[in-house]
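Let me begin by presenting the structure, written as structure tokens, before commenting on it.
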Amino acid sequence: MPIFCLFDVLYKLKLLSPVGLFRILAAIYQYGINVMMLLKVAERMYGHKVALVDDQETITYHELLSQSEQLSAMLKQSYGLASGKKVGILCKNHASLIKAIFAASYTGADIFLLNTEMSGEQFKQIVEAHDFDLLVHDVELTVLIQQSSYEKATLLSYHDQLPAINRLDATFIPEPRTRTYSSKINLLTGGTTGKAKKVAHKPSLFNYLPPFVALLNRLQLQRYQTAYIATPIYHGYGIAFLLLYVALGKKIVVTSGFNAKKACDLIKKHRAEVVTVVPLMLHKMMKHDADSLRSLDCIASGSAELSPKLVADAYSKLGAVLYNLYGTSEAGLNIIATPEDLHYSAKTLGRKITGTHLHVLDDQKNRCSVGEIGELCVKNKWSMCSRNRSWIETGDLGYRDEQGYYFLCGRVDDMIVSAGENVYPIELEQVLFQHSFVEDVAVFGVPDEMFGQRLKAVVQLIHHAALTEAELRDWLRPQVARYQMPKEIVFVDQISYTHLGKRDKKQLRNFPASENPYTPM
């Protein structure tokens, strides 16, 4: 299988030729197995094509490689980066971030991509846990560093006077270099307030071929020229697509932070054919100006569940262009739903990709039958646990149908037991989304003296809609089981989300209870 994947990738990258193979071997000889090798191959094939467009600059593949090499030499000579050193990168999406990733990898240092939305307390914990030798950061995040115990070297991403990546001396000539092999890209998972977990990804030529091939075959990415990365590159989803687009020689558009109007304008201006989003981003862009998205042939959505209403809306306005990607930071990409799969069912995660072993397990860790809900557990060669071949418990509940499609039923800790029945909040959410007046909804469990736990629904109505709690209950009653009827329904002006594009149910729990709690008959 790995050899077949390798030939498939080389063919699609136009490298299955004596010249192409020579380019790969020459890049490996010069750089070793790391992401700079990937950039070198892209530079040899697409040197004068535009590689990157951000808010500050437009650079070609040749310029990206040259500037990354110069930066790498400076990081090594001025900051002592080398194998065994650690560099933390605390940046939003821009060219300096991308140059820093390639440059630091070439020094052999381990890279830690840090969440720019993290709290001060979490940053303090990360600094104490990992003892970075260098921090590369955006200027607006300086205060976060100053309030921590970090005392080692720092380098700004952009600045007009202080040392910064954008002020790299173009006359700086790198010294002769030896090959570098040991460089890991570490993702820190765990949200913005909890204790972060390190997820290390070390470049492996063979291990990452199956997800690479799956994206090429199912999303047909080699057909497109311009890609917009709207998701943060410091997440696994963002960095994976960045490296994939570089390998394909795409024009990559990035911008610092997400704004629906700006995102729509960028897609229209650059006629982007591909965009990586979380569902909330797509919802906001379509609500702002769906017509500006008509150049898109592939919308890759991930990191949060798609609502059937959003799937239908995207299809009606843009056609069959929406893809759903399922994966985790620890396990990587494992399931893809194509537009045809979403036509089969707007609720499906899709089918697993080749090389993924995926079991649905019950509480006793026994395999569930078709249609039976359990925890999704994954094993593959590109996960953080690939070396010891262990299974990863994703924490997600779901099931597989007879056709091999997988469906999500929420998180393990979302499920409640109400009067002896297992109740899944996502099922009520999906029903409520079908109401024409409902814009957004979040459902979760709350304590109940009689039934142990019950559901609470927080509902956001569309603009100018008028709907009472009693009317919504009357509409809901014939469509759900009695144990699924919410104990409380609270109407809010706006559903709050985390920076990851997931409903912030911790915050939503604090909304006041309804004055007329409902008891099922």
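The values are calculated or read from the model by the stated rules, or taken from the named source; none is laboratory data. Keep in mind that what you see is a predicted model, and the values were worked out from it rather than measured. All Cβ positions, even for glycine, are placed from backbone atoms using ideal geometry, and neighbour counts span all protein chains on display.
If the condition is being of a type in the set (A, V, I, L, M) and in a helix (DSSP H, G or I), then the range 390-435 contributes Ile426, Leu428, Val431, Leu432. For first residues located in the range 240-267 and without any contact (Cβ under 8 Å) to a residue 60 or more places away in the chain and not assigned by TED's automatic domain parsing to the domain that holds Thr498, partners that are among the basic types (Lys, Arg) and surrounded by fewer than 20 Cβ atoms within 10 Å (Cβ to Cβ) and lie 6+ apart or on another chain with Cβ distances below 6 Å form the pairs Ala260/Lys284.
Restricting attention to strands (runs of 3 or more DSSP E) lying wholly within the range 219-310, give those where 3 or more residues are β-branched (Val, Ile, Thr). Per the criteria, 274-277. Residues in the range 364-376: is at least one out of contact with any helix residue (DSSP H, G or I) (no Cβ under 8 Å at 6 or more places or on another chain), under 30 Å from Asp289 (Cα atoms) and assigned to a loop (DSSP other than H, G, I, E, B)? No, the conditions are met nowhere in the range 364-376. One residue stands out among those in the range 484-513 that are acidic (Asp, Glu) and in contact with a Phe, Trp or Tyr (Cβ under 8 Å, 6 or more places away or on another chain): the one that is surrounded by the most Cβ atoms within 10 Å (Cβ to Cβ), which is Glu488. Looking at this structure, is Thr328 touching a strand residue (DSSP E or B) at 6+ places or on another chain (Cβ under 8 Å), surrounded by fewer than 23 Cβ atoms within 10 Å (Cβ to Cβ) and over 17 Å from Leu219 (Cβ atoms)? When the stated conditions are applied, Thr328 passes them. Return the pair list, or none, for Cβ contacts closer than 6 Å from residues in the range 275-289 that are farther than 18 Å from Val254 by Cβ to residues that are among the aromatic types (Phe, Trp, Tyr) and surrounded by fewer than 23 Cβ atoms within 10 Å (Cβ to Cβ), at least 6 apart or on different chains. Between residues of the range 275-289 that are farther than 18 Å from Val254 by Cβ and residues that are among the aromatic types (Phe, Trp, Tyr) and surrounded by fewer than 23 Cβ atoms within 10 Å (Cβ to Cβ), the close pairs are Leu280/Tyr497.
Within the range 428-453, track down each residue that is out of contact with any strand residue (DSSP E or B) (no Cβ under 7 Å at 6 or more places or on another chain) and under 16 Å from Lys347 (Cβ atoms).
Within the range 428-453, Gln430, Val431, Gln434 qualify.
Here Leu472 does not qualify as touching a residue at least 12 places away in the same chain (Cβ under 8 Å), surrounded by 18 or more Cβ atoms within 10 Å (Cβ to Cβ) and in contact with an Asp or Glu (Cβ under 7 Å, 6 or more places away or on another chain). Scanning the range 431-451 for residues that are small (Gly, Ala, Ser) and over 18 Å from Ile416 (Cα atoms) turns up just one, Ser436. Applying the condition of being in contact with a Ser or Thr (Cβ under 6 Å, 6 or more places away or on another chain) and surrounded by fewer than 22 Cβ atoms within 10 Å (Cβ to Cβ) to the range 123-145 and asking which residue is nearest to Tyr237 (Cα to Cα) yields Asp138. Comparison of Ala109, Ala73 shows that the only residue that is small (Gly, Ala, Ser) and crowded, with 24+ Cβ neighbours inside 10 Å is Ala109.
Restricting the range 243-290 to residues that are among the small types (Gly, Ala, Ser) and touching a Ser or Thr at 6+ places or on another chain (Cβ under 8 Å) leaves a set whose member that is farthest from Ser96 (Cα to Cα) is Ala272.
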